[in-house]
Amino acid sequence: MILQDGMSGNVPVNSSLIQPALERNSFCDSIFSFLLFLPINQINSQIHSQLLFCIVNSCAVEQKMTLAKKEIMKLSSKLFGSEDAGVKWHVAYIVERIMYSCAAFVPNSQPNPQKQTFEREGLLTQLTRIVANANDIEQDVATVGASAIAIGHAYKATNHTDILANLFVRDLKTLLSNQNEKIVEKSLLLSGFLIALGSNTNKISLKQWIPVAVAQQLSLNQNKDISKNAGILLKLLIA
């Protein structure tokens, strides 16, 4: 199996070896303890966070719920302090999957059982900071999107509409008219990412702030990357 790590290309991973290891209680505990001990500047995406990514990606929902009760939340908070963009993408994905799993079997009237841990370990602050800086040209689109969705799962927002609208969706239209072409290009990608990963409710929410006419105009832009990304967004908006 080949897993896409989101930042550094395709990384070959034999996921069939992960599942048996998860059944040993000490396996994950040892990994978490080691990474909590290791200085943050020695943790990289090619080895350490990639392993965590594979562990979480290979887990069933019930196993992810078990991981949430271990040190993975504390470890995730630490990893957000990394300067390695690949590490940040991995950990945003990990937190998103963990929070989704924890909320999956809880009635809508009840809060996410890991919400307090999520807040106590500073993950809300970390993720909100990433989302709030979505217009930073150095910020990875997939990391921003996964962070926003993770917050939605943590607070069980219906289809994440309220979370997305309150945090940054309203700003996307402004970002699309930014003079910096890189910001425009990334904002188009982010808009498409949120629609593709979200629901019809997300699409309706985004349409309120990003009229189809805006995407149509940008699809005619002389910058090929902007034109291409605007075309993709346009198809998603009218689908």
Worksheet item: Has segment 103-122 got at least one residue that is basic (Lys, Arg), surrounded by fewer than 16 Cβ atoms within 10 Å (Cβ to Cβ) and more than 22 Å from residue 34 (Cα to Cα)?
Response: no
Discussion item. All but one of (1) touching a helix residue (DSSP H, G or I) at 6+ places or on another chain (Cβ under 8 Å); (2) at pLDDT below 80 hold for residue 107; state the number of the condition that does not hold.
Written reply: (1)
Discussion item. Under 7 Å between Cβ atoms, which residue pairs at least 6 apart in sequence (or on different chains) link something in segment 219-239 that is farther than 16 Å from residue 190 by Cβ and among the aliphatic types (A, V, I, L, M) with a partner that is at pLDDT below 90 and not in a loop (DSSP other than H, G, I, E, B)?
Written reply: 238/212
Discussion item. Looking only at residues that are surrounded by fewer than 16 Cβ atoms within 10 Å (Cβ to Cβ), more than 23 Å from residue 48 (Cβ to Cβ) and not charged (D, E, K, R) in segment 123-139, which one is modelled with the lowest pLDDT?
Written reply: 137
Discussion item. I'd like the residue in segment 42-73 that is without any contact (Cβ under 8 Å) to a residue 24 or more places away in the chain and under 17 Å from residue 86 (Cα atoms) and, out of all such residues, is nearest to the chain's Cα centre (by Cα).
Written reply: 51
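Residue-wise test of (1) surrounded by fewer than 22 Cβ atoms within 10 Å (Cβ to Cβ); (2) modelled with pLDDT under 75.
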| position | (1), (2) |
| --- | --- |
| 141 | yes, no |
| 150 | no, no |
| 156 | yes, yes |
| 174 | yes, yes |
| 179 | yes, no |
| 206 | no, yes |
Item to complete: May I ask you to list the residues in segment 35-50 that are surrounded by 15 or more Cβ atoms within 10 Å (Cβ to Cβ) and either in a helix (DSSP H, G or I) or among the hydroxyl-bearing types (Ser, Thr, Tyr) (or both)?
Response: 35, 45, 48, 49, 50
Worksheet item: Which residue, of 227, 191, is assigned to a helix (DSSP H, G or I), at pLDDT 75 or above and surrounded by 19 or more Cβ atoms within 10 Å (Cβ to Cβ)?
Response: 191
Discussion item. Being hydroxyl-bearing (Ser, Thr, Tyr), farther than 21 Å from residue 115 by Cα and modelled with pLDDT under 90: is that true of residue 15 here?
Written reply: yes
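The values are calculated or read from the model by the stated rules, or taken from the named source; none is laboratory data. All values reported here derive from a predicted model rather than from experimental measurement. Every residue, glycine among them, receives a Cβ derived from its backbone with ideal geometry; neighbour counts consider all protein chains shown.
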